[in-house]
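Asker: Before we start, here is the structure in question, set down as structure tokens.
Here, each number is a calculation from the coordinates, and none is a lab measurement. Predicted model, so just to flag it, every value in this text is computed and none were measured. All Cβ positions, even for glycine, are placed from backbone atoms using ideal geometry, and neighbour counts span all protein chains on display.
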């Protein structure tokens with residue numbers, strides 16, 4: 001089971017967001033955004049998992065928290081399929097543990113940034129669990145060649161927020177946009193959002209995500 005930290009916007013959460021961090025960060029990375037999601041309608045519980053520590057080829061084999069290995073600068077090529085699938089299994093195990101605690105699948109949003117966003121898109125489009133929503137930021141759809149034969153229809157009608165910076169030097173804007181278009185063309189309920197920033201998340205984007213979430217409940 002993945003280690004994680006958890007926090008809430010209030011004492012009676014009606015929604016659970018599992019938020020996956022990016023390469024080299026940890027579960028604390030997005031912890032500061034929680035107050036942005038406080039609202040008068042309902043409380044939200046957040047789970048921020050820590051990715052496992054492993055060697056990352058593109059960083060000279062340095063060990064860091066990573067959802068999968070990255071082997072070359074062109075991140076859409078030579079995907080670490082084994083690592084991606086192992087992270088998929090770990091995230092599904094975490095989701096199922098929350099369901100066992102009493103959460104319904106349709107109360108859970110799977111979210112992620114960068115590498116975490118890639119795992120979010122990979123997992124949410126394959127899982128048997130009907131989620132409340134999907135939030136994928138500054139990322140792309142990995143293992144694209146196998147995706148058409150592997151995705152399920154379970155979350156086709158699940159609202160999916162995809163956001164990307166137009167000046168992103170890490171995950172190319174076009175790669176993110178192409179991934180969103182692939183999902184749309186396959187019938188997924190995708191809302192695409194672009195922002196004038198590099199590889200990060202802006203206050204405008206957080207506000208858009210908040211409004212997206214408010215419409216889910």
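Asker: Could you tell me the relative contact order of segment 112-191? Use alpha-carbon pairs under 8 Å, at least six residues apart, and round to a whole percent.
Answerer: Numbers: 132 pairs, mean separation 24.8, N = 80.
Answer for segment 112-191 is 31 percent.
Asker: Something else now. If you fit an axis through the alpha-carbon atoms of helix 173-185 and take the longest principal axis of the Cα set of the chain, what angle between them do you get, 0 to 90°, nearest 10?
Answerer: The answer is roughly 60 degrees.
Asker: Over all distinct alpha-carbon pairs, what is the Kirkwood Rh of segment 114-217 in angstrom?
Answerer: Working: mean 1/r = 0.0734 Å⁻¹.
Over segment 114-217, the inverse of the mean reciprocal pair distance is 13.6 Å.
Asker: Then there is this: May I ask you to sort 94, 131, 214, 137 by Cβ crowding, counting other Cβ atoms within 10 Å and putting the fewest first? Walk me through the numbers before you get to the answer.
Answerer: Working: 94 19, 131 22, 214 13, 137 30.
Final ranking by Cβ density, sparse to dense: 214, 94, 131, 137.
Asker: Ok, one more. Given an 8 Å cut-off on Cα distances and at least 6 residues of separation, report the relative contact order of the chain as a percent. Spell out each step's value before the answer.
Answerer: Values: 448 pairs, mean separation 35.7, N = 217.
RCO, the chain: 16 percent.
Asker: Among 87, 66, which comes first, then next, by fewest other beta-carbon atoms within 10 Å?
Answerer: Numbers: 87 26, 66 23.
Fewest to most other Cβ atoms nearby, the residues stand as 66, 87.
Asker: Right, something else. If you project the alpha carbons of segment 87-167 onto the principal axes, what extent comes out on each, in Å, largest first?
Answerer: Cα extents, longest axis first: 41, 26, 24 Å.
Asker: Note down the nm distance, to one decimal, between modelled labels 7 Å out along Cα→Cβ at residue 189 and at residue 106.
Answerer: It is 1.0 nm.
Asker: When the helix-only estimate is applied to the chain (DSSP H runs of n ≥ 4, each -39,500 (n - 2.57), divided by the residue count), what is the mean residue ellipticity at 222 nm, nearest 500 deg cm²/dmol?
Answerer: Values: 5 runs with 59 residues, N = 217.
When only DSSP H runs of four or more count, the value is -8500 deg cm²/dmol.
Asker: Here is a further query. By how many nm would the segment from residue 41 to residue 202 grow when fully extended, if each residue of separation counts as 0.36 nm and the alpha-carbon distance is taken off? Let's see the in-between values first.
Answerer: Working: separation 161, 0.36 × 161 = 57.96 nm, distance 2.35 nm.
Result: 55.6 nm gained on full extension.
Asker: Give, in nm to one decimal, the length gained when the segment between residue 149 and residue 11 is fully stretched (0.36 nm per residue of separation minus the Cα-Cα distance). Working shown, then result.
Answerer: Numbers: separation 138, 0.36 × 138 = 49.68 nm, distance 4.20 nm.
The span from residue 149 to residue 11 would gain 45.5 nm if fully extended.
Asker: Provide the FRET efficiency to the nearest 0.05 for the residue 1-residue 81 pair, computing r from the beta carbons and using R0 = 25 Å. It would help to have the intermediate numbers written out before the result.
Answerer: Details: r = 22 Å, r/R0 = 0.90.
It comes out at approximately 0.65.
Asker: Starting from a Cα-only point model with no solvent, please compute log10 I(q)/I(0) by Debye for segment 24-145 at q = 0.10, 0.18 1/Å.
Answerer: -0.32, -1.00
Asker: Return the Rg/Rh value of the chain, two decimal places, where both radii are evaluated on C-alpha atoms and Rh is the Kirkwood radius. All intermediate terms of the calculation are to be shown ahead of the outcome.
Answerer: On the way: Rg = 15.9 Å, Rh = 17.1 Å.
My calculation puts Rg/Rh at 0.93.
Asker: In degrees, nearest 10, range 0 to 90: what is the angle between the Cα axis of helix 203-214 and the longest Cα principal axis of the chain?
Answerer: Helix 203-214 sits at roughly 50 degrees to that axis.
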